[in-house]
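What follows is a short report on a single structure.
The values are calculated or read from the model by the stated rules, or taken from the named source; none is laboratory data. Because the structure is predicted, anything quoted here is derived from the model rather than measured. Cβ coordinates were reconstructed from backbone atoms using ideal geometry, including for glycine residues, and neighbour counts include every protein chain displayed. Note: accessible area is taken over every heavy atom of the protein model, side chains too, but ligands, DNA and RNA are not part of it. Shrake-Rupley method; radii C 1.70, N 1.55, O 1.52, S 1.80 Å.
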Amino acid sequence: MSAYGQNPQPFAPAPTGGAAANPIIKNLLLAGIGGSALALLGSFLAWTSVDVEGTSDTVSGLDGDGMFTLITSLLALGLLAFGLVKQNLMAAAGSIVPSLVTLVFGVLNFLDPEKLARTYVEDETGGELSGEQLDGFMEGIDFSSAFGVWIVVLGSLVAVAAAGVLATKARAPQQ
């Protein structure tokens, strides 16, 4: 102690108990934000590649379920950003629900690339084709999943994983 009753040791601020104080939690929040942003970006990109007799084209995610993945990934991104800024783990953990919805839409479209093209053709023809006519039209066409749906699936997987770990951290007793 010095003459005036003060400790000569340098001042060290007391650690804060917020989410951003823990580097693991901060990294999980940033990973979730990155995954959600990736899924958001993938929503705008090509989801289905269509090959017809040597001619190829792509169908954008926004022509189908990409609108849903856009909204849900935006919601997840907002919850994770709110959790980071306000140091609120419960809000960040809540991002698991929209991230799971994004993942489900991404996986369904990845597994069935014809679905998006079929929806696109139905919209373009105004529903004038019967189911049999549409089936006949789609018969000679090759469909494959394009890079946009891969990005949605990858990004939403990262967001779900990060939100899942954040949810377990939020439920754990604080020390």
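Measuring gaps between exposed loop sites in the chain (GluC sites (Glu not before Pro); DSSP loop; at most 11 other Cβ atoms within 10 Å), the longest gap, sites not included, is 54-127.
In straight-distance terms, cross-link reach from residue 26 covers every one of the lysines whose alpha-carbon lies under 16 Å from its own, apart from those fewer than eight places away in the same chain; here that gives 86, 169. Can you give the FRET efficiency for residue 55 and residue 110, using 1/(1 + (r/R0)^6), R0 = 22 Å, r = Cβ-Cβ distance, to the nearest 0.05? In this case the efficiency is close to 0.40. Solvent exposure of the chain amounts to 59 Å² per residue of accessible area, where only protein heavy atoms count and the probe is 1.4 Å. Charge dipole of the chain (Cα centre as origin; +1 on each Lys and Arg Cβ, -1 on each Asp and Glu Cβ, all else neutral): 2000 debye, rounded to the nearest 20.
Kindly list the residues of segment 78-121 that lie in the label zone of residue 168, defined by a backbone N under 17 Å from the point 7 Å along the Cα-to-C-beta vector. In segment 78-121, the label zone of residue 168 (backbone N under 17 Å from the point 7 Å along Cα→Cβ) covers 90, 93-97.
For the chain, the share of accessible area belonging to carbon and sulfur comes to 63 percent (1.4 Å probe, ligands and nucleic acids excluded). Considering only 98, 116, 141, and ranking their Cα positions along the charge dipole of the chain that arises from unit charges at the beta-carbon of Lys, Arg, Asp and Glu, the one farthest toward the positive end is 98. Given R0 = 45 Å, the distance between the Cβ atoms of residue 123 and residue 27 translates into a calculated FRET efficiency of 0.60.
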